[in-house]
1. Take the conditions under 20 Å from residue 117 (Cα atoms) and touching an Asp or Glu at 6+ places or on another chain (Cβ under 6 Å) and apply them to residue 98. Does it pass?
2. Every residue in the stretch 105-114 that is part of a helix (DSSP H, G or I), open to solvent by 40 Å² or more (accessible area, probe 1.4 Å) and not charged (D, E, K, R), please.
3. Of all residues in the stretch 12-62, which are away from the ligand (no atom under 14 Å from the Cβ), under 20 Å from residue 147 (Cβ atoms) and small (Gly, Ala, Ser)?
4. What number of residues within the stretch 120-136 satisfy the criterion of being assigned to a loop (DSSP other than H, G, I, E, B) and more than 16 Å from the ligand (Cβ to nearest atom)?
5. Would you please name the residue that is most open to solvent (accessible area, probe 1.4 Å), looking only at residues in the stretch 115-170 that are closer than 26 Å to residue 234 by Cα and of a type in the set (Asp, Glu)?
6. Looking for something away from the ligand (no atom under 15 Å from the Cβ) and without any contact (Cβ under 8 Å) to a residue 40 or more places away in the chain - is there at least one such residue anywhere in the stretch 90-101?
7. Restricting attention to the stretch 271-290, which residues are out of contact with any Leu (no Cβ under 7 Å at 6 or more places or on another chain) and closer than 22 Å to residue 8 by Cβ?
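The values are calculated or read from the model by the stated rules, or taken from the named source; none is laboratory data. Remember, it's a predicted structure, so these values are computed and weren't measured experimentally. Cβ sites come from the backbone with ideal geometry, for glycine too, and all protein chains shown count toward neighbours. Heads up: the accessible areas ignore ligands, DNA and RNA and are worked out on the full protein's heavy atoms, side chains in. Shrake-Rupley method; radii C 1.70, N 1.55, O 1.52, S 1.80 Å.
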Amino acid sequence: MTGNTPILMKSAPVVEQSLSELSSKCSALKEKGITPTMKVILVGDNPASIIYTRNKKRFMEKFGAECEIIKLPSNLSETEFLSKVKAIVDDQSNHGCFVQLPLPKQLSHIDVGELIPPSKDVDGFNKANIMNLFKGEKGESALIPCTPKGIITLCNHYGIELLGKNVVVIGRSLIVGKPMSLLLGNHNATVTMCHSRTQNLKEHTKAADIIVIAIGSAKFLTKEFLNNSKKQYIIDVGMNQDENGKLCGDADYQNIKELVAGITPVPGGVGPMTILSLAQNLLQAAENSL
Ligand code: GUN
């Protein structure tokens, strides 16, 4: 598509609009004696993780929830880590917890989703919650992985139809690519999951109505992957640094934005949607605890 004005799929209006709903849900819970409370377990001093967790805490407090970041040293042993996490998840005063990833090397083999009980798993990483996604259950009480859930919210806000559409997901990570593919299928999209071993990736992307890219490779998705005769939407999950150290996505935003029907900016696109979903999951977990 050339010469069009693409929809710039910014998260800000969606987050703005959702905040009043979050605030009123939070107030209603407080009236019932529940202050939605989240505990974030942050191990070590990864600079990106420090920023992400700070942003998450700020957002929870914006609508009246409580959020505590529990900082643990990077040289923590596995036994110490497991016992700290257990004490936090057993504490009845919180409704949601998660371990910020990545973990330091000596802990990186641990499946953190299994350390958090399904009822408090605001990340949606526990097997029971993934199983719900797998089965396609649409129950209101479900805790759905945050980035995929946020992308569906974003598409709904901008009126991007998923039913029957060809969606190509590039990336097969546990946090984004795999749960995204399942969730899109549950929303009646026809999903193709591509990855580093996919042959003829361009053939897949040219046939797509929507491309979700989550591979962590700066400006990978160039105009050569697009189809000029089709209305295509690009959802960019990437958070990379370009050659000048500037934040950029997995899509070559500057060079493709005029060629597509819609695109998410980086920053200000998918990132804040992940935090919005986390907030929605926290309120859901708090409500489920009633
Ligand atoms: N690190 C990067 N993204 C995420 C996420 O969604 N959840 C957690 N726990 N850690 C992350």
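1. It is true that residue 98 is under 20 Å from residue 117 (Cα atoms) and touching an Asp or Glu at 6+ places or on another chain (Cβ under 6 Å).
2. Result: 106, single match.
3. Listed by number, the residues that qualify are 12, 18.
4. So the answer is 1.
5. Out of the qualifying residues, it is 161.
6. Yes, there is a match, as at least one residue in the stretch 90-101 is away from the ligand (no atom under 15 Å from the Cβ) and without any contact (Cβ under 8 Å) to a residue 40 or more places away in the chain.
7. Of everything in the stretch 271-290, those that are out of contact with any Leu (no Cβ under 7 Å at 6 or more places or on another chain) and closer than 22 Å to residue 8 by Cβ turn out to be 271, 272, 274, 275, 276, 277.
Residue by residue, here is whether (1) closer than 18 Å to residue 183 by Cβ; (2) of a type in the set (Lys, Arg); (3) open to solvent by less than 50 Å² (accessible area, probe 1.4 Å) holds:
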| residue | (1), (2), (3) |
| --- | --- |
| 206 | no, yes, no |
| 213 | yes, no, yes |
| 224 | no, no, no |
| 246 | no, yes, no |
| 254 | no, no, no |
| 273 | yes, no, yes |
